[in-house]
Amino acid sequence: MDSCIFCKIIKGEIPSSTIYEDENVKVILDISPAAKGHAILLVKEHVANVFELPAELAGKVFSVVPKVAAAIKAELGCDGMNILQNNGVEAGQTVFHLHIHFIPRWKNDTVNIKWAPLGYADGEAAELAAAIKARLV
Ligand code: AMP
Ligand code: ZN
C-alpha cells in the first residue's frame, strides 16, 4: 500500500520510535499519545482491520502483546493499561492499517475510555447470542 503511513513506517521510510520488531509486527510509540508510553503495535502485513486478519496471523500477532505490555508497565510504572483496537471509522479508526493500542493508565489520569451501559429486554440477550453463535460454526 503505497499511500499507507503505517506501511511506510514499517519499511523505515518514515521515522518512528520503535520498541519491538519481529517478522510479523513492529511496535512503536504513538506520535500523539493518550498517555506517556502509549504504544501501537503495527501488523507488518497490510490488512485494514480485524475483519481482514487471518486467524493464523492473529495468533502470532497477539502472542507479542503480553511481553510488550509488561515492558511498558515495568518502565512507566503505570497502575493499569488499556489494550484496544479500533475497526472502522465509526469505531474511531483513523489509520486503516491494523494496529493495537497500549495505553498506560494511572489513578486519576486524563484518559477517557467510557460508555453509557445499555441493557437487554427479557430474552433478547439469549436470542442474540444464539444468532451470533450460529454464524460461528
Ligand atoms: P486509530 O485512531 O485507532 O486509527 O489510531 C491511529 C493512531 O496512529 C493514533 O493514535 C495516532 O496518533 C497514531 N499515529 C498516526 N501517525 C503516526 C505516526 N507517524 N507515528 C506514530 N503514531 C502515529
Ligand atoms: Zn499499510
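Since every read-out is calculated from the coordinates, none of them should be taken as a lab result. Just so it is clear, the model here is predicted, and its values are computed rather than measured. Using ideal geometry, Cβ is built from the backbone for each residue, glycine included, and neighbour counts are taken over all protein chains shown.
Quick look at the values:
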quantity	calculated
Residues with amide H under 5 Å from that of Tyr20, placed H, sequence gap 5 or more	Val27
Neighbour-limited loop hits for trypsin sites (Lys or Arg not before Pro), region 92-137 (at most 16 other Cβ within 10 Å; DSSP other than H, G, I, E, B)	Lys107, Lys114
Inter-label distance for Lys60 and Val89, nm, one decimal - labels placed 7 Å from Cα along Cα-to-Cβ	3.2
Gained length - Ala131 relative to Ser3, 0.36 nm times residue gap less alpha-carbon distance	42.2 nm
Amide hydrogen neighbours beyond the local backbone of Met81, cut-off 5 Å, H modeled	Arg105
DSSP loop GluC sites (Glu not before Pro) with at most 13 other Cβ within 10 Å excluded, longest remaining stretch of the chain	24-137
Asn87 long-range amide H proximity, modeled H, under 5 Å	Gln93
Degrees separating the helix 65-76 axis from the principal Cα axis of the chain, which is the longest one	60
Cα gyration tensor shape of region 5-135, rounded if a/c is under 1.5, else prolate or oblate by comparing a/b with b/c	oblate
Partnerless Cys - the chain, beta-carbon criterion under 4.7 Å	Cys78
Region 7-41-region 78-107 distance, computed between alpha-carbon centres (Å)	13
FRET E, pair Tyr20, Thr110, Förster distance 30 Å, beta-carbon r, rounded to 0.05	0.70
Rounded to 10°, Cα long-axis angle of helix 124-135 versus longest principal axis of the chain	60
